[in-house]
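The values are calculated or read from the model by the stated rules, or taken from the named source; none is laboratory data. Given the structure is predicted, the values throughout are model-derived calculations rather than measurements. Virtual Cβ from ideal backbone geometry, glycine too; neighbours counted across all protein chains shown.
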């Protein structure tokens, strides 16, 4: 019988290493066009991969400094980094379940006073060696191990490992969003500053026109209407200044928040008002197939589907019997009759037990089957979410190409219109000074000049925003990750809790899950 039990246990151990219920994950299919639809313009280079630090293409030192500071100080980015630590700790919990789930050192010191009216007590007149009051002490070790016969715990490890990879992709996605948000906010700041400069310059010219109209009115060369029209135009232009100043202040506040600091004017970084950054002559956009590897949200959706696929196996394992091994060893003694508590140190006080067992949920009223169905439906939802994420990424990229291309075309025409409007305003002003035209012509020309110059500034900003949108859609900027958890946060966490080497390690570049093989999770640290 002893040999038979040992054989059963050995067979269970061997089988637990090779059996695993549930489906193995396979990379889902998704739409992948061969070429970009909207990338047929001279600045796009599909044969050239997108650069990693794309914001440096704008050649703006202030922007470079802002991005560098945001990568090290942004609080939501740090939160995403801490979520990586959470996922890694959860993976450690799942790995621990492979080994004996219960391993306990035990000990007790017990006083017992037995009932004299218990059925086992002697009847009156009968002799008894029973001691009704006694002390007992014991010390030992017990363990319980549910064997991973059907791969339930190994599937849980796969799920936790894929969740860890998804958390790294989530961090990458937060990094891409942060860099593009900083660049977009900075461009909007510079656009507002340029529009403010245009408004102030036009206000200066309009104040000069008002002065001339007032002199001509006092000399009787024109009516008071010209003065009122000039004053109205000047006041209308001056009314733009508070709105643009407010936009500048809000942009500075937004940049401060992205840098993880209280609202500030950021003068030490931004300096005085500067030009709107200019895009390079050409930008690398790569091909659509590269998008599936570059976009962090696509990788995150894929890892989430991988994690959910493994949960089907965890749920299916509950349909089958579970096999467990339970045992304990220890020493026990008491002061009953001639024994002594000190006998615990003798070999005769040794006690041990070993129990192979199994359990099977036979009548569960469909709960286990419906849980398998639930996990399978969630997996299908994750696959659909992955495909939808790919489609959304393709759409956003094509939208970025279109915005960039059309903004450049618009800016070219507006530049011509602004030059013409400026020349027209100059001619109208000269003719008015010479008395060859009325002031209405000057007003119309100056209003047109202000509107065209303002629209040109907005269009020039839209070109840069279009480039930012392209690289955001392409998912660039995560390849060179900073430390997900900064040193000061690590130090604070280490003071509270022992983290060991886990908190000191950084995520490496992820492997394509399709190359990892079925049923494997992809480590990220």
### Message
Please go through the stretch 358-391 and give me each residue that is farther than 18 Å from residue 25 by Cα, surrounded by 15 or more Cβ atoms within 10 Å (Cβ to Cβ) and under 23 Å from the mean Cα position of the chain (by Cα), ordered by number.
### Response
389, 390
## Note on the structure
Being in contact with a helix residue (DSSP H, G or I) (Cβ under 7 Å, 6 or more places away or on another chain), modelled with pLDDT of 90 or more, closer than 24 Å to residue 168 by Cα and crowded, with 16+ Cβ neighbours inside 10 Å narrows 301, 317 down to just 301
### Message
Please pick out the residue among 337, 362 that is assigned to a loop (DSSP other than H, G, I, E, B) and modelled with pLDDT under 80.
### Response
337
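Quick grid of which residues meet (1) in contact with a helix residue (DSSP H, G or I) (Cβ under 9 Å, 6 or more places away or on another chain); (2) at pLDDT 80 or above; (3) surrounded by fewer than 13 Cβ atoms within 10 Å (Cβ to Cβ):
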| residue | (1), (2), (3) |
| --- | --- |
| 481 | yes, yes, no |
| 485 | yes, yes, no |
| 491 | no, yes, yes |
| 495 | no, yes, yes |
| 509 | no, no, yes |
| 513 | yes, no, no |
| 521 | yes, no, no |
| 524 | yes, no, no |
### Query
Being in contact (Cβ under 8 Å) with a residue 24 or more places away in the chain, in contact with a helix residue (DSSP H, G or I) (Cβ under 6 Å, 6 or more places away or on another chain) and exposed (fewer than 14 other Cβ atoms within 10 Å of the Cβ), is that true of even one residue in the stretch 253-268?
no
### Message
Can you tell me which condition residue 362 does not meet? The list is (1) more than 30 Å from residue 227 (Cα to Cα); (2) out of contact with any strand residue (DSSP E or B) (no Cβ under 8 Å at 6 or more places or on another chain); (3) in contact (Cβ under 8 Å) with a residue 40 or more places away in the chain, and all the others hold.
### Response
(3)
#### Entry: Subset of the stretch 197-249 that is touching a helix residue (DSSP H, G or I) at 6+ places or on another chain (Cβ under 6 Å) and without any contact (Cβ under 8 Å) to a residue 12 or more places away in the chain - its residue that is surrounded by the most Cβ atoms within 10 Å (Cβ to Cβ)
217
### Task
Answer yes or no as to whether residue 151 is surrounded by fewer than 24 Cβ atoms within 10 Å (Cβ to Cβ), closer than 20 Å to residue 313 by Cβ and in contact with a helix residue (DSSP H, G or I) (Cβ under 8 Å, 6 or more places away or on another chain).
yes
